[in-house]
1. What number of residues within the range 57-104 satisfy the criterion of being under 15 Å from the mean Cα position of the chain (by Cα) and in a helix (DSSP H, G or I)?
2. Is it the case that some residue within the range 36-56 is modelled with pLDDT under 80, under 30 Å from F87 (Cα atoms) and not in a helix (DSSP H, G or I)?
3. Pull out all pairs, ordered by first then second residue, where Cβ-Cβ is under 7 Å, the residues are six or more apart or on different chains, the first lies in the range 76-99 and is surrounded by 13 or more Cβ atoms within 10 Å (Cβ to Cβ), and the second is of a type in the set (G, A, S) and in a helix (DSSP H, G or I).
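The values are calculated or read from the model by the stated rules, or taken from the named source; none is laboratory data. Being a predicted model, the structure only gives us computed values, none of them experimental. Cβ placement follows ideal geometry from the backbone for every residue including glycine, while neighbour counts extend to all protein chains displayed.
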Amino acid sequence: MPPTLDLMPLIQEAIKASVDLAVADQFKHEPDYRRWWSAKDVQDRYGVTPTWLSEHVLNKPMFQRQLDGFAFNYRGQIGWRFEPLAFSEFMRKEFRNIAKEAKS
């Protein structure tokens, strides 16, 4: 009887490596809600420049009251910090108004 090769450990290792890569890739694209976001985090997430974020969201009087409580400007090196769940909800809710204002 010829010797047999047990492929099961190799297959299991290949599946584990594939799953690990898929999970890591998914985490790269999901926002991190475990910590407060910086202005750079917000810019990267929404694909905007610092100037755009300031001009169309942060420095707009119409949004100041809504941002109060989850967007803070610490000035200096720290700068803006955003509570991620509340800011995400704000962006979903106000996206139409922000886009309309940005066009004008």
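1. 9
2. Looking for residues that are modelled with pLDDT under 80, under 30 Å from F87 (Cα atoms) and not in a helix (DSSP H, G or I), one finds none in the range 36-56, hence no.
3. G79/A39; W80/A39
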